[in-house]
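K.L.:
Encoded as structure tokens, here's the structure I'll be asking about.
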Amino acid sequence: MATQIEASFPAGGSTREAELKLQALRAREVTAGEEGVIRATVDDDQVDRVLHVIAELGGTPQLN
């Protein structure tokens, strides 16, 4: 199964770094918006890792 995650980053500062790290974790469909929001589809076994990366970079995640 796959989970969609959306995360917002204050001031958008860490959006690009988050995008690169999620791609390294083999997240699918990673898109970063100009307003500091990033969306990604990840396998269920990667959700905890992805949430950790987002929190580490100061983002606020939301599971969809």
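Read-outs throughout are calculated quantities, based only on the coordinates presented, and are distinct from any laboratory measurement. Owing to the predicted nature of the structure, the values given are computational and were not obtained by experimental measurement. Counting neighbours? That spans all protein chains shown, and the Cβs are built from the backbone with ideal geometry, glycine included.
K.L.:
I'd like to know which of 22, 51, 40 lies farthest towards the positive end of the charge dipole of segment 2-63, counting +1 on Cβ of Lys and Arg and -1 on Cβ of Asp and Glu.
P.N.:
Most positive-ward Cα: 22.
K.L.:
Next question. Taking the 0 to 90 degree range and rounding to the nearest ten, how far is the long axis of helix 47-56 tilted relative to the main principal axis of the chain, both from C-alpha atoms?
P.N.:
On a 0 to 90 degree scale, this one is about 20.
K.L.:
Please compute the contact order of the chain in relative form: average sequence separation of alpha-carbon pairs under 8 Å and at least six residues apart, divided by the residue count, as a percent.
P.N.:
Worked out over the chain, it gives 48 percent.
K.L.:
For the chain, what percent of Cα pairs sit more than 14 Å apart?
P.N.:
Distances greater than 14 Å cover 44 percent of the Cα pairs.
K.L.:
What distance in nm separates the simple spin-label points at residue 26 and residue 49, each placed 7 Å from Cα in the Cβ direction?
P.N.:
Taking the two extended label points, one gets 0.8 nm.
K.L.:
Now for a separate question. Quick one: putting +1 on the C-beta of Lys and Arg, -1 on the C-beta of Asp and Glu, what dipole do you get for segment 2-63 around its Cα centre, in Debye to the nearest 20?
P.N.:
120 debye
K.L.:
Now for a separate question. Karplus couplings for segment 13-22 from phi (6.51 cos²θ - 1.76 cosθ + 1.60, θ = phi - 60°), rounded to Hz, Gly and Pro as x?
P.N.:
In residue order, the calculated couplings are x, 9, 4, 5, 4, 5, 4, 5, 5, 5 Hz.
K.L.:
Continuing with this model, one more query. On a full-extension model of 0.36 nm per residue, what is the gain between residue 64 and residue 4, subtracting their alpha-carbon distance, rounded to one decimal in nm?
P.N.:
21.1 nm
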